1. I want to confirm something. Restricting to the range 9-39 and keeping residues that are in a helix (DSSP H, G or I) and touching a strand residue (DSSP E or B) at 6+ places or on another chain (Cβ under 6 Å), which single residue is modelled with the lowest pLDDT?
2. If you go through the range 72-107 one residue at a time, how many are farther than 24 Å from residue 43 by Cα, without any contact (Cβ under 8 Å) to a residue 60 or more places away in the chain and touching a helix residue (DSSP H, G or I) at 6+ places or on another chain (Cβ under 6 Å)?
3. Pull out all pairs, ordered by first then second residue, where Cβ-Cβ is under 7 Å, the residues are six or more apart or on different chains, the first lies in the range 2-16 and is of a type outside the set (Ser, Thr, Tyr), and the second is part of a helix (DSSP H, G or I) and surrounded by fewer than 17 Cβ atoms within 10 Å (Cβ to Cβ).
4. Mind checking whether some residue in the range 108-127 is among the hydroxyl-bearing types (Ser, Thr, Tyr), free of Cβ contacts under 8 Å to residues at least 40 places away in the same chain and crowded, with 16+ Cβ neighbours inside 10 Å?
5. Take the residues of the range 139-173 that are in contact with a strand residue (DSSP E or B) (Cβ under 6 Å, 6 or more places away or on another chain) and surrounded by fewer than 20 Cβ atoms within 10 Å (Cβ to Cβ): which is nearest to residue 3 (Cα to Cα)?
6. What residue, among those in the range 64-104 that are in contact with a Phe, Trp or Tyr (Cβ under 8 Å, 6 or more places away or on another chain) and assigned to a loop (DSSP other than H, G, I, E, B), is surrounded by the fewest Cβ atoms within 10 Å (Cβ to Cβ)?
7. Which of (1) within 30 Å of residue 312 (Cα to Cα); (2) of a type outside the set (Val, Ile, Thr); (3) assigned to a helix (DSSP H, G or I); (4) modelled with pLDDT of 95 or more does residue 361 not meet, given it meets every other one?
8. Taking only the range 43-63 into account, find how many residues are in contact with a Ser or Thr (Cβ under 7 Å, 6 or more places away or on another chain), under 25 Å from residue 153 (Cβ atoms) and assigned to a loop (DSSP other than H, G, I, E, B).
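The values are calculated or read from the model by the stated rules, or taken from the named source; none is laboratory data. Being a predicted model, the structure only gives us computed values, none of them experimental. Backbone-built Cβ (ideal geometry, glycine too); neighbour counts: all protein chains shown.
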Amino acid sequence: MPSCDDIYKSKLLSADQAAALLPETGTLCLGYGTSQPPGLMSALSQRGKHGGIKKLRVYYMHLYDTGYQAFFKDDSLLQVFEPVPISGLTEFDRSILKYGHETGKKIISVVPSNFSEVPRLFEDGSIPLDVCFLTVSPMDKGGYLSLGTSNAYNLAAARCAKKLIVEVNKNMPRVFGESFLHISEIDALVENDSPIQEIAFRKPSEADLRISEYIAEMVPDGATIQLGVGGVPNALCEQLRSKHDLGVHSELMCPGMVDLIRAGVINGSKKELNRGKHVYTLCMGTRNTYDFINDNASIEGYPVSYVNDFKVISSFTNFISVNSAVQVDFFGQVNAEFIRGRTFSGVGGQNDFVRGAVASPGGKSFIALNSTACNGSVSRIVPCVDLAATDLRMDTQYIVTEYGIANMKGKTTRERTEALIKIAHPKFRDELRKTARDKLYV
């Protein structure tokens with residue numbers, strides 16, 4: 001019987017050879033964000049440029065520059081590679097959307113889905129996959145390769161695709177949990193040791209700092225936390241340094257959380273599930289962050305279908321969820337996706353945690369947003385959200401701006417409207433009150 005090393009060598013190809021394994025027409029799934037393999041994508045792009053691909057539908061989440069440059073940078077590539085982001089958008093997706101609007105073409109199509117349900121889309125055949133591309137860590141002595149920074153839907157896509165082709169990268173962290181593929185599951189592999197994409201988080205504003213202070217006051221010792229992306233979560237990590245025995249069960253593992261683990265603030269000792277372990281489905285940050293999670297037995301990566309599962313989240317005591325928004329309206333509806341009638345972001349996992357945290361014994365869900373946008377010219381507290389609600393009015397709990405906290409639970413629409421106007425920017429409050437009176441909200 002061949003050894004794992006022998007199997008590995010038998011499947012090792014050049015990037016061009018691996019790219020040649022894809023059908024001319026079909027579907028491809030890219031791993032989430034930092035697990036998108038640049039060598040394989042570049043080789044496949046070259047094949048597309050030279051007529052080797054007729055039409056390939058490309059499913060992905062969180063597109064970075066390497067993927068954008070490879071597949072969607074110019075019009076000739078968009079003729080053969082069809083971008084289909086699932087659940088969320090990045091600035092590169094938005095640039096493709098903008099190009100489509102300018103040219104009058106329907107180029108990009110978004111699959112709306114709660115993040116927790118994405119693996120099931122592959123498992124039940126809603127999205128059939130011909131090929132899956134991933135970046136993984138080097139093989140261990142048992143023949144296992146780790147998904148590293150991005151678990152998310154990667155495990156489901158890898159096992160549901162007709163062909164799994166991976167890029168083995170020594171810079172990809174080896175992470176524990178439900179985060180491994182065996183060499184026997186892989187059809188072909190290439191080696192490429194380019195740096196893993198690092199993600200810079202923006203510096204918190206004064207408003208972010210004030211918002212984080214409000215939230216930190218309501219986080220008890222022993223709580224399990226989930227933080228989204230943005231200035232407020234970064235600022236909140238600093239505010240939590242005085243807390244004790246916090247746990248992490250979060251869609252995102254970020255640099256601020258790593259700092260709190262190092263400081264002993266986060267130890268997971270009070271968690272009902274995965275006690276003593278710091279659980280995530282995505283890790284984004286700097287090389288320092290990736291080095292910390294590498295071969296660290298306290299860090300565990302799991303599929304998003306587990307991490308974002310309502311039943312799992314609600315089983316914790318004092319679960320604290322912090323997410324951001326574009327708008328909140330008088331009803332308590334949250335828009336985290338649309339700006340001026342166009343898609344800006346996506347559903348993501350926000351609603352999974354909003355609902356799960358509220359159902360947790362002692363749990364709290366916070367939607368944090370600056371009171372204004374566009375350099376203070378636009379209120380983010382509005383009479384009615386644009387296009388669609390990411391979080392329904394029945395699910396929202398605490399809405400937080402730099403002017404305070406409004407609790408939506410148990411409140412009538414009138415009471416919600418009044419509470420939200422109080423935390424709107426002062427220069428918009430009179431206008432908001434007039435609209436509320438005219439529409440009989442108050």
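1. 33
2. 0
3. As it stands, the answer is 7/184, since those pairs meet every condition given.
4. No, that holds for no residue.
5. 143
6. Looking at the filtered set, the residue picked out is 64.
7. Tallying (1) within 30 Å of residue 312 (Cα to Cα); (2) of a type outside the set (Val, Ile, Thr); (3) assigned to a helix (DSSP H, G or I); (4) modelled with pLDDT of 95 or more, residue 361 fails exactly one: (3).
8. So the count comes out to 3.
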